[in-house]
Amino acid sequence: MLDSLTFGFLGGGNMASALIGGLVARGVPANAIRVVDPFEDARQRLATTLGVQTLAAPDAAFGASNVIVLAVKPQQFKDAVGALAPQLKNSLIISVAAGIRLQDMQRWLGTNRLVRAMPNTPALAGMGMTGLAAAPGLSDEDRAIAKAVAEAVGQCVWVEGDDQIDAVTAISGSGPAYVFYFVEAMERAAIEMGLSAEQGRKLAVETFRGAAALAAESSEPVSTLRERVTSKGGTTYAALTSMDASGIQDAFVRAMLAAAARGREMGAEFGKD
């Protein structure tokens, strides 16, 4: 499906680079991808590493792309897409900008061929998780294209709309930072117990990798998997009891609710006319 399409990327940062790399690996010809980025260093990097066409500003061919991915910062989004609006009415638009709502994109761009996507940084390693929400009336064909783009760098899940994309942002979009946060804590604990930083990092990273793989392969609730590691009165029990006494799980849930709330605030802030 993808190898017969042309793609335009507005913005050539890390997430755009990951998606472009995934598309090329899936068979999309590099010369079918045009990337607009104002920074010469970014353009040279993309042209050299991925072989795509790069531009400092959109041209007619960019606007005629079958699929256009909007990968600009939320605070720059409205201005960046405003000048493009007249050219984009025949393209499927996929936005990866955090907080920018479908209803605002529809108003600015004058089209409902829109998908709001929230990928995460493991896409850089081909292990991304992307949430997708479609504008009302989006065709099955456009849904299939958006899904294929997301799956070029990992897995995806469709949700109902903007509110649920804010939840996806809080859980998986920001989620890698939570994992790194806990890996940092595990490294610190390892050092305090006499291990090296390198040993602590390897122990922590491989434990996360293995536990995630086990959870992915198992059909049992995660709580059951946790209980199997936890013998009453044992070492894991001591650790979890300490975490519960400190309210860590409740604090973690509150943190994700705060992230989702910030996503909604960004939508209201950057969606103003």
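Each value in this text was obtained by applying a stated rule to the coordinates, not by laboratory testing. Computed from a prediction, not measured in an experiment: that's the story for all the values here. FYI the Cβ positions are ideal-geometry reconstructions off the backbone, even for glycines, and counts take in every protein chain you see.
With the cut-off at under 12 Å, measuring from each backbone N in the range 48-91 to a point 7 Å along the Cα-to-Cβ line of A30 picks out 48-54. Among T224, T54, sorting on how many other beta-carbon atoms sit within 10 Å of each Cβ, with the fewest leading, yields T224, T54. Entry note, the chain: the mean residue ellipticity at 222 nm calculated from DSSP H runs of n ≥ 4, each adding -39500 (n - 2.57), is -16500 deg cm²/dmol after division by the residues and rounding to the nearest 500.
For the range 78-199, dividing the convex hull volume of the Cα atoms by the residue count gives 118 Å³ per residue. Counting only DSSP beta bridges whose two residues both lie in the chain, roughly 15 percent are antiparallel. Treating the angle as unsigned and between 0 and 90°, give the value, to the nearest 10°, between the Cα long axis of helix 235-245 and the longest Cα principal axis of the chain. Helix 235-245 and the main axis of the chain meet at about 70 degrees. Using C-alpha pairs below 8 Å separated by at least 6 residues, the relative contact order for the chain is 16 percent.
In summary, the lysines within cross-link reach of K73, defined as a Cα separation below 23 angstrom excluding same-chain residues under 8 places away, comprise K89, K147, K272. Subtracting the Cα-Cα distance of R107 and T49 from their residue separation scaled by 0.36 nm leaves 17.3 nm.
For the pair the range 107-164 / the range 37-68, the C-alpha centres are spaced 21 Å from each other. Largest GNM mean-square fluctuation across A83, A259, A42, computed for the chain with C-alpha springs under 10 Å, falls on A83. Over the range 1-142, what is the percentage of antiparallel beta bridges among all DSSP beta bridges, to the nearest 5? Counting only bridges with both partners in the range 1-142, antiparallel ones make up about 20 percent.
Under the simplified labelling scheme, the Y178-D163 pair shows an inter-label distance of 2.0 nm, with each label point 7 Å from Cα along Cα→Cβ. The C-alpha atoms of the chain define a longest principal axis, and helix 175-192 lies at about 30 degrees to it. Note on the range 175-265: Cα-Cα pairs beyond 17 Å make up 64% of the total pair count. Binning all Cα-Cα separations of the range 34-121 at 5 Å, short to long from zero, yields these whole-percent fractions: 3, 14, 25, 25, 20, 10, 3, 0. Within the range 67-162, DSSP assigns beta bridges of which about 25% are antiparallel (rounded to the nearest 5). If the chain linking A185 and K89 were pulled fully straight, counting 0.36 nm for each residue of separation and taking away their Cα-Cα distance, it would gain 29.7 nm. Rounded to the nearest 10 degrees, the angle from helix 40-50 to the longest Cα principal axis of the chain is 80 degrees. Largest GNM mean-square fluctuation across V149, V115, V253, computed for the chain with C-alpha springs under 10 Å, falls on V253.
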